[in-house]
Each structure stands twice: as structure tokens, then as C-alpha cells.
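The values are calculated or read from the model by the stated rules, or taken from the named source; none is laboratory data. Fair warning: this is a prediction, and the values are worked out from it, not measured in the lab. When we count neighbours, we look across all protein chains shown, and the Cβ atoms used for this are built from the backbone with ideal geometry, even at glycine. Only protein heavy atoms, including side chains, enter the accessible area calculation; ligands, DNA and RNA are left aside. Shrake-Rupley method; radii C 1.70, N 1.55, O 1.52, S 1.80 Å.
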Amino acid sequence: MNIDQSIALMRTMLETAIFVAGPLLAAALVGGVVVGIIQTATQVNEMSVAFVVKASLVILVFIVAGTTIAEHSIRYARQSFTAIADVVD
């Protein structure tokens, strides 16, 4: 295995991590910001409200995009397992 192949493996790993975690983290971020703005406007600072909203959004995004995320993860796992022979040489 040469340097270019190693960089390609690392790049696909990082792309997969961003693709898998990105939508879930973005949903939690948007939910947290919206709840924070609403809590600031109403002066109700209850931590459980923010947690419930963020958890609900993450679950909703996972339900909606879960199959796509799983397919991408499985594709990466298969690619990694087939590349083991090249890495070991």
C-alpha cells in the first residue's frame, strides 16, 4: 500500500463520518438554537425542554434518513474489509 491509497482510505473514512454524523448533529444544532431563542424570548430556562426537542429531532432525522445512512455505512465497511488485503501487503 502506498501513500496515495492510504490517503484515499482516510478520506473515505472522514467523508463517511461526516455523512453519517452530519445530519444528526445539524438537527440537534438547529433544534438547540431554536429552543434557545424561544427560551430567551420567553425567559423560561428549563434544560429538559431543550433536551427533549433535540432528542426528538435526532430521532426524526434518523427515522427519515436512517436507511441512507445505513447503506453508506455498510458500503464503507465493505470497502474497508476488502482493502485489508492491500493494507497487509
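Quick notes on this structure:
- Test result for Glu15, open to solvent by 80 Å² or more (accessible area, probe 1.4 Å) and within 11 Å of the chain's Cα centre (by Cα): yes
- Selection of first residues in the stretch 34-56 that are closer than 18 Å to Pro23 by Cα and among the β-branched types (Val, Ile, Thr) and of second residues that are open to solvent by 70 Å² or more (accessible area, probe 1.4 Å) and not in a helix (DSSP H, G or I), restricted to Cβ pairs under 9 Å at least 6 apart or on distinct chains, gives an empty result.
- Ser6, sole failed condition from (1) surrounded by fewer than 12 Cβ atoms within 10 Å (Cβ to Cβ); (2) more than 19 Å from the chain's Cα centre (by Cα): (1)
- Test: Thr16 is in a helix (DSSP H, G or I), at pLDDT 90 or above and in contact with a His (Cβ under 8 Å, 6 or more places away or on another chain): yes
- One residue stands out in the stretch 54-89 among those that are of a type in the set (Val, Ile, Thr) and over 30 Å from Ile38 (Cα atoms): the one that is least open to solvent (accessible area, probe 1.4 Å), namely Ile69.
- Residue within the stretch 36-54 that is of a type in the set (Asp, Glu) and within 30 Å of Asn2 (Cβ to Cβ) present: no
- Phe51 being part of a helix (DSSP H, G or I), open to solvent by 90 Å² or more (accessible area, probe 1.4 Å) and either farther than 30 Å from Ala8 by Cβ or touching a Lys or Arg at 6+ places or on another chain (Cβ under 9 Å) (or both): yes
- Hits in the stretch 59-74 (condition: touching a residue at least 12 places away in the same chain (Cβ under 8 Å) and under 21 Å from Glu15 (Cβ atoms)): Val61, Phe62, Ala65, Ile69, His72, Ser73
- Checked against the criterion of being out of contact with any Phe, Trp or Tyr (no Cβ under 6 Å at 6 or more places or on another chain), modelled with pLDDT under 90 and among the small types (Gly, Ala, Ser), the candidates Ser56, Ser48, Ser73 yield just one match: Ser48.
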